[in-house]
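In what follows, a structure is listed as structure tokens, so that the remarks can point back to it.
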Amino acid sequence: MKTLLTLLFLAPLVAFGQVTVDVEAGGSLAPGSTVEPYFDPMDIAIQVGDAVHWVGVSGTHNVYGELDDFPDNPVGFSSGAPVADLDYFHTFTVPGIYGYHCTQQDHALTQHGTIQVIQPQGLEEIEGMGAFILFPQPADEVLTIELKGRGSMRADVLGVDGRLLRSLTVANVQRAVVDLGGLAAGRYLVRLVDNKGRQLSRPFIKGT
């Protein structure tokens, strides 16, 4: 995963370069195969302008997210016909939730995935929630959340696959510290959720 970071400490915006998330495609339904077709990870979350890179490691596969099969996708995308050496790179520029699968015969039963593409938000107030910034970037053992609003909120740390990794309550404070101990280096999201269910999300990078 390659990332270009620009840190503006306590400035109005935190700028990130494009991030590429790798997805492995493998498995087969051919006689003798012991691994069913799969994408790994199946479900990921990225930011507008980020890319996904699908790489085949075994079997014959493609990536198909066109609107005839996935009419709810914001836009369609496809790598073309299934091939034995899948190597497909796609940059997502429209926010939303995308579905896709492999169209090789019967592969879609197990080989499918979703991509949540999140629109970066500025620090302006959103629906009365206020806003927040994260520092330092990259973070190591701890990440500080600075709030630009009031009230009680829940702060969740999510992996790029959407898994919940940390959660804490942030109540009427301007700063909160999240313990990142035990998390691997890489890309994550912090999601703030207020008592009305409204959400704000920001990406961050964990270093060593």
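If you average the C-alpha positions of the range 152-208 and of the range 84-117 separately, how far apart do those two centres end up, in angstrom?
The two parts, judged by their Cα centres, are 27 Å apart.
Go through the range 154-202 and name the trypsin sites (Lys or Arg not before Pro) that are in a DSSP coil and have 14 or fewer other Cβ atoms within 10 Å of their Cβ.
Filter output for the range 154-202: Arg163, Lys196, Arg198.
Can you find, among His61, Tyr98, Ser33, the residue farthest towards the positive end of the dipole of the range 15-118? Put +1 on the C-beta of Lys and Arg, -1 on that of Asp and Glu.
Tyr98
Does the range 15-118 come out rounded, prolate or oblate by the C-alpha gyration tensor, with a ≥ b ≥ c the root eigenvalues, rounded set by a/c under 1.5 and, if not, prolate when a/b is larger than b/c and oblate if not?
Prolate.
How much net charge surrounds Pro41 when only the other residues with a Cβ under 13 Å from the Cβ of Pro41 are counted, with Lys and Arg +1 and Asp and Glu -1?
After counting each charged neighbour, the total is -3.
Values quoted throughout were computed directly from the atomic coordinates according to the rules given, and no laboratory measurement underlies them. Predicted model, so just to flag it, every value in this text is computed and none were measured. Counting neighbours? That spans all protein chains shown, and the Cβs are built from the backbone with ideal geometry, glycine included.
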